[in-house]
Structures are given as structure tokens and as C-alpha cells.
Amino acid sequence: MAGNAAVLEDGSTLSRLDRGLEKIEIRLALVSGLAVFGLMLLAVLSVGGRNLINKPVPGYVDWIELAMPLIAFMGVSYTQRLGGHIRMDILIGKLKGRLLWTAELISVLVMLILVFFLIWGSWAHFARSFDWAAPLWSRDSTIDIRLPLWPAKLLAPIAFGVLACRLALQVWAYSRAIVTGAQNPIAVPLPLSAAELAAEEARHVSALDEETR
Amino acid sequence: MEAIDIGLIVSGGLLLFVFLGMRVAFAAALAGFVGLTWIFWNKFGYDPSKFMKALTISVKTAGQIPHAKVSNQALSLIPTFILIGYLAYYAGLTKALFEAAKRWAGWMPGGMAVATVFATAGFSAVSGASVATSAVFARIAIPEMQAMGYNKRFAAGVVAAAGTLASLIPPSAILVIYAIIVEQDVGKLLLAGFVPGAFSAIVYVSLIVGMAMIWPSYGPKITGYSWREKFASLPPAFPIFFVVGIIIFFIYNPFGGDPWGTPTEGGALGAFVVFLMAMFKGMRWPQLKDALLETAKLSAMIFTIIWGVLIYVRFLGFAQLPSAFADWISGLEQSPMLTLVLILLAYAVLGMFMDAIGMLLLTLPVVYPAVMALNGGEMVSAAESAFGMSGPMCAIWFGILVVKMAEFCLITPPIGLNCFVVAGVRDDLTVQDVFRGVMPFFFADAATIGLLLAFPWIVLWLPSLA
């Protein structure tokens, strides 16, 4: 199940790196959120322009095409840090201690290897469209107002690069947890039971509710 | 080795990884990537000198999918709907809706519970997420119902069940995802969710009224609101009506003529109105930032699973697994309806253990072509089809059925998440209490699904007009 999870912190190098990377991840996620907000404003302008002054926003669809990768990729590492990517926890939820950390370690190691190949593949996708010699360095462009596509294509390898750093940190953190046998290791999302998850969700929603009162 | 064998082995491996708790998005991408490499190398006759070549082709095939597949205008609806949901909290819409529903529907037997269902149905319009909807209403509706002497389990059951309305009533993120995966018209699917969603709400209301009439202690009615009070409660809830109305008008114009725009624009306009309302209610940058970060997180989760699964789908195409499965399903010596019911039952079981979005994305690439084949093919006419509807209509009908099924699983023991959420919010309720309270709604939902199966026009008449 998806959900928020707690990430513990202390004064160690690992935890400092975790928080340092988190700062970058939050900025990137915020870029993603602002892109959603920007698309909303753009649509309002587009509808308003078309109906009120009979002048649609030029290249509306092109801008959406360029903004979608921002929304889709920029938050991927932030979500991984918080354990927000969905999974089936019926089995892993039963494990505890070193057995659990070993299972998690295998999982993030496999993900790290996969992400390495994805960086390679998405970089190749970007490289095919980028050309120092071409106008706007671009070999391909959007259909209406001819925006270059390479900046959008570059976002995938960048986001996967940050994700690879996050996964590497988690490999370290889980390995450390296996060695020390810690019950609640730092720098990794700690699994929550269904009941805890529910309480967390409720707490979050209630907090929102209190604030708006 | 035949491609289809590779398809079966890799898909088995994927299920194993998912079961062992790997993040679904990455397990699917991994299966797709490994499968592609295997299939290409298989074509090269497992020549060791050509392994790097197979790997490179596979890396490049897989590597272009994330960017290529997310740059889709229709997909921009998903983050917009998510943003509407988060902004709605700050716009104070939940309380406004509950107050309005109470004043307008309270006169019925079990009035407060009926009001809860209507308020939840309304809130569903701005929230694509069932679990969050249940959490919100557990906090505002259950205390009021208990104060009026409502049966505690009954009150909890109403809230848990009503939360499931969120994913059918537009805007529904899960229906957009379904439309993208099966390559059908997003607008028609959103439109199609409206009537079954309202229908489910009416079934719940009838059940509540019936129960309150048989056992008056379950829920007294509330009376005494003047017309002035009734109308005064409407303006704060206005953005909800605006959002639903605008989305519908941007897909289909009931007065004839062209729709006013695209669903994407409709969603964005709805979000903008809710945003203005939230600003008016005192939302400032810290709260907006929080909403944007939550939107980013949920969007990243959904998009990651979309491109991850699409890498796997690319591999499935090479392995020809979906067409083999479709041939097998449509060749079965039993009525197509029975097969369809069995498929839906399989979803009910799967949904007990898995998140709805993950479940649909993982299974649809194989199951959807099979259901289409069962009906007679993607392009079949209504007259020649097995279920009496054309291919595109069957796609819509099946989409609504599986989404309703996935929602049904949210109130099914042993891990119906909505019930856990309600119990989590209320200290005085155990999970068992909520499951017991929700039981009548469980049967009501089963009946609803049966009706949607038997009378597909409930789902199809609205989209067939558009």
C-alpha cells in the first residue's frame, strides 16, 4: 500500500547525507508541484483567451507536453525516500529485524541496478534529440510552436540520477541495519502497519482541517 | 524457446517480486527490461558475442518509454485532479457540504446518515481518493451522528462505505488511468462514471432509509430547518457543483452543440475555482506548498507505475502473451458472461491484497484484450457482439465494472482499507465494529455490481450521448 512513513534521523554521516539529499529532493518535488499549478493557470488562460478575447494561448498543447515530464519524474526520489511508491506488503509486513532489512536491501539493490540501465536508456533517448550543431540544439520539436524536445527528455536521466543516489543511500542504510541489528534504523522509511497507516492518514487530514478552521 | 514461454516465465517472476514486496512500478519495469533483453537474445540464438547487442537494444527500447509515454495531454488530468483534492481541504468544502446535506436531506429516516452519503458523494467530486474521503468524514460525521444517538457501528459503516464513491463520480483519477492504459476516450470514461456513482449513492441511501425505518433506534431524522437556512447552506458548497458541472460541460454539452473545451481544461478550471475558494478561506503559501508537495508525491507515484508498467507492456507485445490469453479466454466452452463474472471475482480476491491502481495497471494489459476478445473484438458492432454492445462501449462498461470492483475491495475484510481508516480516526471504534457496520453496504455493493452487469445501459447511456 502507498503511504507516508517515518524516516528517523541522527547525527551520523549517513543521516546527514540523507537530509542533504532530502533538501534537493524537496526542491525537485516542489518544481513538480509548481508545474501542476502552472498547467492549471495555463489552461485558465487558454480557455479565457479563447472565449473572452478570441485569442487562444499559442502552443498550449506543446507546453503541456513539455511540462508533463516535470510532473512525472521530478518527485520520484522524494517519493522513494518516504516509501510512497506502492507495493504489496502482505508478506514483507510480517518480517522483523535483520530478516526485514535483508529483504529490503535486496529490493533496493535490484532497483538500483535497474535504475542504472534506465539512466543509460533515457540518456540515449535524450542524446538522439540533442545536437550542438542544430538550431536550439534540437533535432526534434513539438508539433505546433516548435519548442525543442531535448530539455523534457533530459529530465528523465536527471531524475533517475537523483533516484540512484537515494537508492545507494538506502543500500548503505539497510546494510548498516543488518550489521547493527537495529530495530528502527535511520535514513530509511519504516514500514507502518495498516492501523498505523490509517492513524497517520487521519492525523494528516485532521491537521489540514484544524489549520483551515 | 518460444517468445510466449519467455512471456510466461517473466510474468511469473514479476508476480513473485510483487508478492515479495518490491515496489510495483519498479518490479514491472524490471520484468519488462529483463524480458526484452531475453527475447532479443533468444532471437540471436543465445550467441554470447551478441549479448551486449541484445542488452543495448533492450536498454534503448526501455529507456525511451518513460519520457515518450508521460508526455501525453490526457495524462495531465491526473495531477490536476489530485491538486483539486488537496486544495478542497483548505477551501473548507467538507464541512460546507455536510452542513448543506444535513439541512436538505435530514428529514428522511436516518437523515444524518443519508446526509453523510450525499455529502461524501459531493466531496467525491473534488477528491479522487476514497481513503482520504473516509478519513475526513469519519472526523466530521461520526461524532454528530453519535451525538444524535445513532448506532455506533452503523455510523462507522456508513462513512466507510460512502468513501468508496470517490472513484466513480468525476473527476476520478483511476478512470483516467484506465482510459490511458486501454487507449480509450478519457472524456467518455469520466462521463460514464457519473451515473453508476450516483446510482451507488442512491442504493446506499435506500438501504439507510430502509434500515432506519425497520430499526428506528439506528438513526432518527432531523427536522426544523427553514427554507432560508436551507438556501443559506448552499453558497459555501458551490465550488463542488461548479467542478462537476464544468467537467461535464467540457466533455459533453447537454444542451446540444460542441463541448466547451477539453477535459483537461475543464479539470484545470475546476482546480482554479477551488484554489480561489481556498485562498478566500485563508490558505497561504505554507499550506499551498504542502498541497503542492503532496500532489507531487502522489503524481510521482502514479506516473512511475504508469511508465514502469508500460515497459512491461512493451515486452508483453513482443512475447505475444496478451493475444494468447485472449485466444484462450474467448475459446472457453462457457458463456462469455460467466467468464466475465469469473474475471471480476478474481479482481475481488486480488483487490483484498493490493492497491487498486497497482492491481489495475498490472493486470489490464493482459485482461483487457481478453475481455475485448470475449465481446467479439475491439471493432465489433453491437449486433454481432457477445454482450450486446460495440467494442468501445464494452471498454467503458468493463472499466466502470473493474473500478467499482476495486472500490468494493476497500470495504471487504480482511484488509478493507477504508474500514481501517475509520477505526483509526475514532478511538471508540474497533476495526471489527466497522466491518460489522459496513456489512449491509457490502451486500448493497454486490447487488449494485450485479445490476451494472445485468443492465449495462445504466453505465452506457450517458457516454453514448457524447
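Tilt of helix B:186-214 relative to the longest C-alpha principal axis of chain B, in degrees (0 to 90, nearest 10)? That helix lies at roughly 40 degrees to the long axis. The label-point distance for A:LEU45 and A:LEU109, in a model that sets each label 7 Å from Cα toward Cβ, rounds to 5.0 nm. Remark: mean inter-chain Cβ contacts per residue of A:124-130 equal 3, using a 10 Å Cβ-Cβ cutoff to other protein chain atoms. In a simple Cβ point-charge model (Lys, Arg +1; Asp, Glu -1; nothing else charged), region B:47-153 has a dipole of about 200 debye relative to its Cα centre. Charging the Cβ of each Asp and Glu at -1 and of each Lys and Arg at +1, and nothing else, the dipole of chain B about its Cα centre rounds to 1100 debye. The local environment of A:LEU34, defined by Cβ-Cβ distances under 11 Å, has a net charge of +2 under the rule Lys, Arg +1 and Asp, Glu -1. From a point 7 Å beyond the Cα of B:PHE249 in the direction of its Cβ, which residues of region B:446-466 have a backbone N at a distance under 16 Å? What the label zone holds, given the 16 Å backbone N cut-off, is no residue at all. Note on A:ASN184 and B:SER335: the model spin-label points, each 7 Å out from Cα along the C-beta direction, lie 5.8 nm apart.
Compute the angle between helix B:238-251 and the longest alpha-carbon principal axis of chain B, please, reported from 0 to 90 degrees and rounded to the nearest 10. Computed tilt is about 40 degrees.
The phi torsions of region B:360-377, fed into the Karplus equation with coefficients 6.51, -1.76 and 1.60 and a -60° offset, translate into couplings of 5, 5, 5, 9, 4, x, 9, 6, 4, x, 5, 5, 4, 5, 4, 7, x, x Hz, rounded to whole numbers, with Gly and Pro shown as x.
Here the 3J(HN,Hα) profile of region A:139-149, calculated from phi with Karplus coefficients 6.51, -1.76 and 1.60 at θ = phi - 60°, is 8, 9, 8, 6, 7, 8, 9, 6, 7, x, 8 Hz, Gly and Pro shown as x. Shielding by partners for peptide B:261-271, expressed as the average number of C-beta atoms from other protein chains within 10 Å of each residue's C-beta, is 5.
Compactness of chain B is given as radius of gyration and Dmax, 23.3, 85 Å, from Cα positions.
Hydrodynamic analysis of the protein assembly as shown uses the Kirkwood radius over alpha carbon pairs. Inserted into Stokes-Einstein at 20 °C and 1.002 mPa s, it gives a translational diffusion coefficient of 83 µm²/s.
Residues whose amide H comes within less than 5 Å of that of A:ALA6, counting only those at least five positions distant or on another chain, are A:LEU190 (H built at 1.01 Å from N in the peptide plane). Most mobile of A:VAL171, A:VAL47, A:VAL108 per a Gaussian network model of chain A (Cα springs, under 10 Å)? Answer for the Gaussian network model of chain A: A:VAL47.
Exposure proxy shown here: for B:ARG153, A:ARG81, the number of other Cβ atoms within 10 Å sets the order, fewest to most, as B:ARG153, A:ARG81. With axes computed from alpha carbons, what is the tilt in degrees of helix B:77-90 against the longest principal axis of chain B, rounded to the nearest 10 within 0 to 90? Taking Cα atoms only, the helix is inclined about 30 degrees.
For chain B, relative contact order (Cα pairs under 8 Å, six or more residues apart, normalised by length) works out to 24 percent.
Placing R0 at 35 angstrom, the Cβ-Cβ distance between B:GLN320 and A:PHE116 gives a FRET efficiency of 0.75 after rounding to 0.05. Here B:TYR225, B:TYR312 are placed in order of increasing Cβ neighbour count within 10 Å, fewest first, which gives B:TYR225, B:TYR312. Comparing A:GLY84, A:GLY11, A:GLY38 in a Gaussian network model of chain A (Cα springs below 10 Å), the most mobile by mean-square fluctuation is A:GLY11. The Cα atoms of chain A define a convex hull whose projected area, averaged across directions, is 16.0 nm². The order of A:ILE178, B:ILE142, going from fewest to most other C-beta atoms within 10 Å of their C-beta, is A:ILE178, B:ILE142.
Just so you know, all these numbers are worked out from the coordinates, no wet-lab data involved. No experiment lies behind these values; they were computed from the predicted model shown. As a convention, Cβ positions derive from the backbone with ideal geometry for all residues, glycine included, and neighbour counts pool all protein chains shown.
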